[in-house]
1. Looking for whichever is crowded, with 16+ Cβ neighbours inside 10 Å, on the phi > 0 side of the Ramachandran plot and at pLDDT below 85 here; the options are A:609, A:572, A:605. Which one fits?
2. Being modelled with pLDDT of 80 or more, more than 8 Å from chain B (Cβ to nearest Cβ) and part of a strand (DSSP E or B), is that true of even one residue in region A:46-64?
3. Right, residue A:169: in contact (Cβ under 8 Å) with a residue 40 or more places away in the chain and within 30 Å of residue A:698 (Cα to Cα) or not?
4. Run down A:96, A:145 and say which single residue is within 12 Å of chain B (Cβ to nearest Cβ) and modelled with pLDDT of 80 or more.
5. All but one of (1) under 27 Å from residue A:374 (Cβ atoms); (2) at pLDDT 85 or above; (3) surrounded by fewer than 21 Cβ atoms within 10 Å (Cβ to Cβ) hold for residue A:169; state the number of the condition that does not hold.
6. If only one of A:21, A:34 is outside any loop (DSSP other than H, G, I, E, B), more than 9 Å from chain B (Cβ to nearest Cβ) and at pLDDT 80 or above, which one is it?
7. May I ask you to list the residues in region A:384-407 that are under 24 Å from residue A:615 (Cα atoms) and within 8 Å of the chain's Cα centre (by Cα)?
8. Being on the phi < 0 side of the Ramachandran plot, facing chain B (nearest Cβ under 8 Å) and at pLDDT below 85 is true for just one of A:67, A:40. Which residue is that?
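The values are calculated or read from the model by the stated rules, or taken from the named source; none is laboratory data. Here the structure is a predicted model, which means the values were calculated and not measured. Cβ: placed from backbone, ideal geometry, glycine included. Neighbour counts: every protein chain shown.
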């Protein structure tokens, strides 16, 4: 009767939002339990199947002002179940371990002070009673892993673990049943407990980093507004959008799927996919690209393909691929662990034989100690734990790792080459007057332009918005796509836009100042405006931070030298070059790398494809799915540059941590083996030593993920927030 | 010393009870979310009527 469902709630920013959603879901009849987690944006609901439906719950979320998104449910479910069963195993192992230790300690004490034989046997049997469920329930994953390894004819670290457990347990049971000899129930339970605890921590770190990445890929539009035949609009998950569906796209929203336009006209920014920075006007039944932003009024379209085939699906696919690949360092460590496990087995056999010849009573404890203490768990945990923690940290600050080795290379970077447009500048234009007809007021001219542009959806229109005056209004404004606007202000017809367009109205001023937007009426040109893109917010601080990290900075842009120089000067960057073609950028990067520099290239991922692929390590700004082909190593989810310095810093400390971990694991294993082989280490001490070495490695790595989650919220804003790049004055 | 013949079985019963309690707690989802969240809930300062979270009395099927 009870159903369980977990889904993501988009748009939540704080625990208050979470409470609102919780309350709203809680009011649905039949809901038994609901928890909404603000930091992971996850809601989990248990409800009575017969009294409520998931649809009602989703409606409740929408009523509270948020958007529910169904996750891949099986994945979330599997994750939850894995966590639950791991917790139970640890719990059983912990409880069993404490009990077993108590009885075994009583036996030790009894051995020293004298103990009644019947009591001694009783304690042994009790120890067996507690150790048995620990081994067969909590220790089951190790045996399963060892079996898997053996079937593949490979030696993983589960093989010596399972071997040690089986050996210790079998000998103990044998000794228990015959009523004399050493028992190792305490070692068995401790080993199982600490090892399970270590693996649990590792699993949590890994799942968390996966979730963080997933949350980011969800900042792409996860749902689409599908119009039903009866005219109603339903938000459905993107994955369920089929070819032929009618979608409604709000102003400013990302068009989620490729399709053709049903509305009269549309203004779209396709710079995300095609790199075309000028917003395009599309007529009825024109093709619209998934990933484009609808800049104009709300539109309708009919999809031409399913969402899975949309270009926008590229990013998500890219992320999944990146997660499936494993860093080369981790692969090396895995191989090393495998070899190490083999050595352990050989060594343990050698120790058993040698002690068998010298002192058979010590053969078993020494062999067990060697098997346990040399478990290469720390070695194989060292890299994955570090990478997982660093990935978590990075995705929290809005940087996704697309190539497995990007982290390592990012740490070694010494020079940063920056693209200008879309990277340093934000695509929000400002207007200034270049030419003003004699005797007229600049304020008046700007106000007229603002009035004409008020109803325009063109991105450049926003440049004039600050200059609007309430006294100046325009009537009958008309937009001429790609040319300009026309309207009547104070009884006179005005035009604002391209020179030729305005010249049609006032031919006598045909060759007024060149460049910029021209404002004129039938009595002549009043003014021309220079529209300029401003530095993106935080660009100055971000550049300064990169400089503080000791990185050399170079700006390379296809824009005019004048524009590039202006930006470079504002940022205090001395090395810059303008009018560089994409191939020119590649040549520049190659030249720098030829001189021995390790270059981090930051670009928009569309025009900069070749240079991103050619740089030592590259970072694309998430401006659509074309980045799937751009060959970037890292992806900036926001249009802000500030996460780059965080990324470099994190990568550097990750590399340091990785080295510390590997060194520690090696030193520990190598120094512990002789001690164990000489029989100086009791098996239970070995169990603690082995587990502690793994926990130290995981804890050291976890420092990277850190408590720093200042940026958690910003990462949810997403790709759709990317503004069109309109530095080069678009044709009007 | 014969008291241990009574106390140890008692301990075993207690152990079994703790394991059952643990399994119930895990299965009812108490450890699924972030553990800090439930603590924070108290500090959010709402009266009892507002608390919408209800623990189901038995493990979910």
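1. Working: A:609 fails: on the phi > 0 side of the Ramachandran plot; A:572 fails: crowded, with 16+ Cβ neighbours inside 10 Å.
Only one candidate qualifies: A:605.
2. Yes, region A:46-64 contains at least one residue that is modelled with pLDDT of 80 or more, more than 8 Å from chain B (Cβ to nearest Cβ) and part of a strand (DSSP E or B).
3. Taking the combined requirement at face value, the residue does not satisfy it.
4. A:96
5. The failed condition is (3).
6. A:21
7. Within region A:384-407, A:391, A:394, A:395, A:398, A:399, A:400, A:401 qualify.
8. A:40
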